[in-house]
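**Q** Attaching a single structure in C-alpha cells format; questions to follow.
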Amino acid sequence: NTINGLEGDTDLKFLLGGGELLKLRSSSWMKARFYKLQEDCRTMWHESKTCTKSKQTFSIEDISAVRAGRQSEGLRKYTDELLEGRCFSIIFKGRRKDLDLIASSDEEAKQWVTSLEKIMSNLNNLNCQQKTQHWIFNCLRKADKNCDSQLSLEELKDFLHQINIELDDLYAEDLFRQCDKSKSGYLSEEEIKTFYNLLTRRQEIDEIYAEYAKTTGFMSAENLLDFLIKEQKEEATLADANRLIDQYERDDKAKEKQLMTKDGFLMYLQMFEGLVLNPTHKAVHQDMNQPLNHYFISSSHNTYLMEDQLTGPSSTKAYIRALVKGCRCVELDCWDGSDEEPVIYHGHTLTSKILFRDAIKTIKDYAFKTSDYPVILSLENHCSVEQQKVMAKHMSSILGSALITTPLEDQMPTEFPSPEALKGRFLVKCKRLNKLEVYFTREAAAVNDDTLTEEEDEEEDEEQQKKCKKLKIAKELSDMVIYCKSVPFNGFQDAKDNLAFYEMASVKEGKAIQLAEESANCYIRHNVDKLSRIYPAGLRTDSSNFNPVPLWNAGCQIVALNVQTPCPNMDLNQGRFLVNGKTGYILKPAYMRDQMSEFDPITLTRGPWLQHKTLHIMIISAQQLPKVNQKKTSVVDALVKVEIHGVPADTAEKETVHIVDNGFNPMWNENFQFDVHVPALALVRFVVEDYNYAFDNELIGQFTLPFTSLQLGYRHVPLFKDGEPLSSARLFVHIMIMDA
C-alpha cells in the first residue's frame, strides 16, 4: 500500500527501513530511539532501545512542519553549535509536544528532513477519493487480525466499528453474504473490493448524476454544462465543462469521447471547484491599496503563550503558529531580564520566559510565510530605559530595512499607507515621545539627533518635558513608532478633537463591547480614520476567547484573540480571514469606510448595507465522520447545526435530527431557511456534533466561511477541528440564495 507515485522511491525506502535517532528533552535527557515508517505509509513508529515494550506511533498527517537545524528553543539551549547540521525538529499540529532529534551525521539529518517532507507533501496532495481509499484500506488491514488478506464475518464487524458504523448483526451478515460469492465464509481480495464499492456508494450522487447523464448513460460536456448552469448557478461555458472532464475523469475511454462517468463526477464534486467556498476567493481578490485601517486585521493576544495565562509555557513556537495561521498583529510583553537581555512573559505570573531577541528572530523568519502583507509588533513595554535600548537594537539589527522607522511619505500624511505599500514590512506599536509631525518640521534634525535626550531639549515646553520623563521611554525605541502610537482612550469626542490618525488605543473587551452596543455608529466613524485594538479581559486566565463579531460590526480592526485556544469564537476568526489569499487583511464594506456613514448594526436603519437575502440550505449527507469517543464499541450519532453570525438581526441557528449509529455515511435531507439582512458582515458556520442525551453534544468538526463566499448548488463542505482539517470528513449540501 505505497503512496501514490512513490513506488520504489529512495526516500520512501529510507523511511520504511527506519533508523536510530537521539531524542532530546533537556540537558539531562537525551535518549536513543528507533524510528521507522509503517507499511501503511501514514504512521511513524518508534521504540526505546532499552524497553522494547515502549512502542509509540504518530500519524504523518499530525505533522505541521519538519525544520532542519537548531531552530527549536530546546535544540538551541541544550546542543552545541557544532551539531547544527545533525539536528532537526518535528513540529506537530495542536498541543502535542514537538520532537527534537539528532542524527548521526549531517547527511542522515538531511535525508530524514527531505524524506519526511516528501511523504507529507504526497499525503497532502491526495484527492478526496484517494484519501478515502487509503483510510478504508488501512482500517481493513487493522481488522484483518490474522493477516491472511481475508475477512471473516467477525473481522468485518470489527472493521465497520473502526469506520464508525454500527450495523445490527442481521444486516452485517446480509452484507457479508452479498459479497461472499465463493460461499467460503470469508471475503477474499476481489470480494473485499465488491464490499468496498457497496460501502462507498453515494446514493444521493447517483440520483443527481442520473438526472443529467443523458448521453448513453454518461454525462457529455453539454450535459455537464447543463448541470453547472442549472444547479450550480455558474456562468460556465462548454470549454469549462471540457476542462473539468479532462481534469477529473479517470476512465481513459470515456475521456477520449469527452464523457464524464459517475466516478469522474464525484471526483469533481469533491475537489475545490465543487466545495462550498468560492475558489476565486481563495486568492487575493480585494483592493489592497486602501489605507491600512480600512481592513479587518487578523490579530493575536499574548502571542507568546502556548496555553493558559498563569502557569503555562511561553515559546517562540507560539509566534510561528500565529504567523503561519496568517496573524498580522502579534503581541510581545517585554520585561527586564538578566544579563541586560529583555525577556517576554506574562508579567507577575508563573508563565515561563523567552528572550526578546529570540522572539524577534522567529518573527522575522516566519512573518511572511503565509502572507506578504505587513506585520504589526504590538509591544507591551515594562522594561527599563536601558533594556528598551537593547530592544531597539535587536529590532534594528534583526529586522533591518524591513522595519518601518520613518514615514513613507515626503510630507506629513493624513492617513495610513495601504497594506500593498507596506508589503513585507514590520510596524511597531508602542508609546512614542513626540508627534509624527517632527519628521516634517525644521526642528526634525534636532529632535532626531542621537545625542539629544528629551530632557535636554530646551525648546520643549515644561508640560512636554514632564510627560517625557513620566513615560520613561528610550528615544531609540520611541523613534521606531511611526504609524501605531499607543495612547489611552478617553472617548470618541476626545479622539476626534485631539488624536492624530496614527494614535491608537487598546480597549479591553468589556468596555469595547459596551461601546459597540451603545454607540455602534460612533465607533464605526471613529474607525474610519483610526485603528482600534481590542483585547481579552484579564479574567480569561484559561486563555478563552470572546465573540469577535460585535467588534467587527463596529468597525474595529485589530480584535486580538488567544489563537492557541480552539473554540467556536476562534472558528469565527478563522472563517473571517479564510478568504482573500489568507493575507490576514479583509477589506471592510464601503459603508464602514465612510466618515459620514449612518450604518448602525443594532438599529439597522435603511441604507446600502441592507441587502436582504433568503438563504436556503439543504443538509443532504455526511461522509467519514471520525469517532469522538475512541472506545471500540462507540459509534457517532451525528447531527448538523447551521449558524449565521453577523448583525444581531441575522444571528440564527438551526439543527437537524441526529442519525443513530452512523458516522460513516449519515443522510438527513433536511431543509433550512435563513433571513440575512447584511450579507457583507455575515459568517456561515456548519457544525457537526455527536449527539448525547445526558450531556452536551461533542464537536466532531466544523467549517466557517463568509456568507459572500458561498458557492451555490450541490457542494461538499470540508470539516475542521481545532483549526486543522479532518482528512476525509465532509458534509454534502445544497445551497440557494434569493433576493428577499
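The values are calculated or read from the model by the stated rules, or taken from the named source; none is laboratory data. The structure presented is a predicted model; accordingly, all values stated were derived computationally and were not measured. Note: ideal-geometry Cβ built from the backbone for every residue, glycine included; neighbour counts use all protein chains shown. To get the accessible areas, we keep the full protein, side chains included, count just its heavy atoms, and leave off ligands, DNA and RNA. Shrake-Rupley method; radii C 1.70, N 1.55, O 1.52, S 1.80 Å.
**Q** Scan region 341-353 for residues that are open to solvent by 10 Å² or more (accessible area, probe 1.4 Å) and in contact with a strand residue (DSSP E or B) (Cβ under 7 Å, 6 or more places away or on another chain) and jot them down.
**A** GLU341, VAL343, TYR345, HIS346, GLY347, SER352, LYS353
**Q** Could we say that GLY510 is in a helix (DSSP H, G or I) and either more than 21 Å from THR603 (Cβ to Cβ) or free of Cβ contacts under 8 Å to residues at least 40 places away in the same chain (or both) here?
**A** Spelling it out, GLY510 is indeed in a helix (DSSP H, G or I) and either more than 21 Å from THR603 (Cβ to Cβ) or free of Cβ contacts under 8 Å to residues at least 40 places away in the same chain (or both).
**Q** Something else about it: Of the numbered conditions (1) within 24 Å of SER298 (Cα to Cα); (2) part of a loop (DSSP other than H, G, I, E, B); (3) more than 23 Å from the chain's Cα centre (by Cα), TYR591 fails exactly one; give the number of that condition.
**A** The failed condition is (2).
**Q** Answer yes or no as to whether VAL636 is in contact with a Gly (Cβ under 7 Å, 6 or more places away or on another chain), surrounded by 18 or more Cβ atoms within 10 Å (Cβ to Cβ), in a loop (DSSP other than H, G, I, E, B) and not acidic (Asp, Glu).
**A** So VAL636 fits the description; yes.
**Q** Listed residues VAL375, VAL385; which is in contact (Cβ under 8 Å) with a residue 40 or more places away in the chain, open to solvent by 10 Å² or more (accessible area, probe 1.4 Å), hydrophobic (A, V, I, L, M, F, W, C) and out of contact with any Asp or Glu (no Cβ under 9 Å at 6 or more places or on another chain)?
**A** The unique qualifying residue is VAL385.
**Q** Within region 196-230, which residues are open to solvent by 20 Å² or more (accessible area, probe 1.4 Å), of a type in the set (Val, Ile, Thr) and modelled with pLDDT of 95 or more?
**A** If the condition is that a residue be open to solvent by 20 Å² or more (accessible area, probe 1.4 Å), of a type in the set (Val, Ile, Thr) and modelled with pLDDT of 95 or more, then ILE229 is the only one that fits.
**Q** Out of THR200, THR280, THR237, THR261, which single residue is among the hydroxyl-bearing types (Ser, Thr, Tyr), touching a strand residue (DSSP E or B) at 6+ places or on another chain (Cβ under 7 Å) and over 30 Å from GLU380 (Cβ atoms)?
**A** THR261
**Q** Further question: Residues in region 641-662: is at least one farther than 20 Å from HIS616 by Cβ, open to solvent by less than 10 Å² (accessible area, probe 1.4 Å) and either touching a strand residue (DSSP E or B) at 6+ places or on another chain (Cβ under 8 Å) or at pLDDT below 95 (or both)?
**A** no
**Q** Only one of these is surrounded by fewer than 20 Cβ atoms within 10 Å (Cβ to Cβ) and within 27 Å of ARG606 (Cα to Cα): ASP722, ASP696, ASP675. Name it.
**A** ASP675
**Q** I've got another one for you. Scan region 354-368 residue by residue and report those that are in a helix (DSSP H, G or I) and either closer than 23 Å to GLY538 by Cβ or open to solvent by 30 Å² or more (accessible area, probe 1.4 Å) (or both).
**A** Across region 354-368, the qualifying residues are PHE356, ARG357, ASP358, ALA359, LYS361, LYS364, ASP365.
**Q** Is there any pair linking a residue in region 715-740 that is closer than 30 Å to ARG321 by Cβ to one that is buried (at least 20 other Cβ atoms within 10 Å of the Cβ) and among the charged types (D, E, K, R), with Cβ under 7 Å and at least six apart or on different chains, and which?
**A** HIS716/ARG730; VAL717/ARG730; PRO718/ARG730; LEU719/ARG730
**Q** Right, here's the next one. Can you tell me which residue in region 254-290 is least open to solvent (accessible area, probe 1.4 Å), limited to those that are under 30 Å from TYR502 (Cβ atoms) and touching a helix residue (DSSP H, G or I) at 6+ places or on another chain (Cβ under 8 Å)?
**A** Only one residue fits best here, namely GLN286.
**Q** Among (1) more than 20 Å from the chain's Cα centre (by Cα); (2) surrounded by 22 or more Cβ atoms within 10 Å (Cβ to Cβ), where does PHE296 come up short?
**A** Among (1) more than 20 Å from the chain's Cα centre (by Cα); (2) surrounded by 22 or more Cβ atoms within 10 Å (Cβ to Cβ), the lone unmet condition for PHE296 is (1).
**Q** Might you check whether a residue that is at pLDDT below 90, among the charged types (D, E, K, R) and over 32 Å from the mean Cα position of the chain (by Cα) occurs anywhere in region 48-70?
**A** There is at least one residue in region 48-70 that is at pLDDT below 90, among the charged types (D, E, K, R) and over 32 Å from the mean Cα position of the chain (by Cα).
**Q** From the list GLU249, GLU231, GLU173, which one is in contact with a helix residue (DSSP H, G or I) (Cβ under 8 Å, 6 or more places away or on another chain) and in contact (Cβ under 8 Å) with a residue 60 or more places away in the chain?
**A** Result of the check over GLU249, GLU231, GLU173: GLU231.
**Q** Something else: Based on what the data block shows, is ALA537 among the aliphatic types (A, V, I, L, M) and either open to solvent by less than 10 Å² (accessible area, probe 1.4 Å) or in a helix (DSSP H, G or I) (or both)?
**A** no
**Q** Looking at (1) within 29 Å of LEU422 (Cβ to Cβ); (2) touching a strand residue (DSSP E or B) at 6+ places or on another chain (Cβ under 9 Å); (3) modelled with pLDDT of 95 or more, which one does ALA318 not meet, given that it meets all the others?
**A** Of everything listed in (1) within 29 Å of LEU422 (Cβ to Cβ); (2) touching a strand residue (DSSP E or B) at 6+ places or on another chain (Cβ under 9 Å); (3) modelled with pLDDT of 95 or more, ALA318 misses just condition (3).
**Q** If I filter region 229-252 for residues that are within 30 Å of ASP174 (Cβ to Cβ), among the polar types (S, T, N, Q) and part of a helix (DSSP H, G or I), do I get at least one hit?
**A** Looking for residues that are within 30 Å of ASP174 (Cβ to Cβ), among the polar types (S, T, N, Q) and part of a helix (DSSP H, G or I), one finds none in region 229-252, hence no.
**Q** For region 513-527, which residues satisfy the criterion of being among the aliphatic types (A, V, I, L, M) and either open to solvent by 40 Å² or more (accessible area, probe 1.4 Å) or over 19 Å from LEU604 (Cβ atoms) (or both)?
**A** Matches in region 513-527: ILE513 only.
**Q** Given the conditions (1) in contact with a Ser or Thr (Cβ under 7 Å, 6 or more places away or on another chain); (2) modelled with pLDDT of 95 or more; (3) at negative phi, and given that THR565 satisfies all but one, which numbered condition is not satisfied?
**A** Status for THR565: all satisfied but (2).
**Q** Then there is this: Applying the selection to region 276-331, what residues are aliphatic (A, V, I, L, M), closer than 30 Å to HIS734 by Cβ and not in a strand (DSSP E or B)?
**A** VAL276, ALA283, VAL284
**Q** Step by step: first the residues of region 388-440, then only those that are farther than 23 Å from THR362 by Cα, under 31 Å from the mean Cα position of the chain (by Cα) and of a type in the set (A, V, I, L, M, F, W, C), then the one that is surrounded by the most Cβ atoms within 10 Å (Cβ to Cβ). Which residue is that?
**A** Selected residue: PHE416.
**Q** In addition: Just to be sure before I move on: is ALA560 small (Gly, Ala, Ser) and either under 23 Å from GLY312 (Cβ atoms) or open to solvent by 40 Å² or more (accessible area, probe 1.4 Å) (or both) in the structure I sent?
**A** Yes, satisfied.
**Q** Count, please, the residues in region 598-625 that happen to be crowded, with 20+ Cβ neighbours inside 10 Å and either among the aromatic types (Phe, Trp, Tyr) or more than 24 Å from MET736 (Cα to Cα) (or both).
**A** Qualifying residue count for the region: 5.
**Q** Also: Pick from region 159-195 the residues that are assigned to a helix (DSSP H, G or I), closer than 30 Å to VAL628 by Cβ and modelled with pLDDT of 85 or more: which of them is most open to solvent (accessible area, probe 1.4 Å)?
**A** Ranking the candidates gives PHE176 first.
**Q** Here's something else I'd like to know. What do you reckon, is LYS364 among the basic types (Lys, Arg) and modelled with pLDDT of 95 or more?
**A** Spelling it out, LYS364 is indeed among the basic types (Lys, Arg) and modelled with pLDDT of 95 or more.
**Q** Among LEU153, LEU140, which is the only one that is modelled with pLDDT of 75 or more and farther than 20 Å from LEU266 by Cβ?
**A** When all the criteria are applied, what remains is LEU153.
**Q** Continuing with this model, one more query. Exactly one condition in (1) assigned to a strand (DSSP E or B); (2) farther than 15 Å from ILE558 by Cα is not met by ASP339; state its number.
**A** For ASP339, the failing item is (1).
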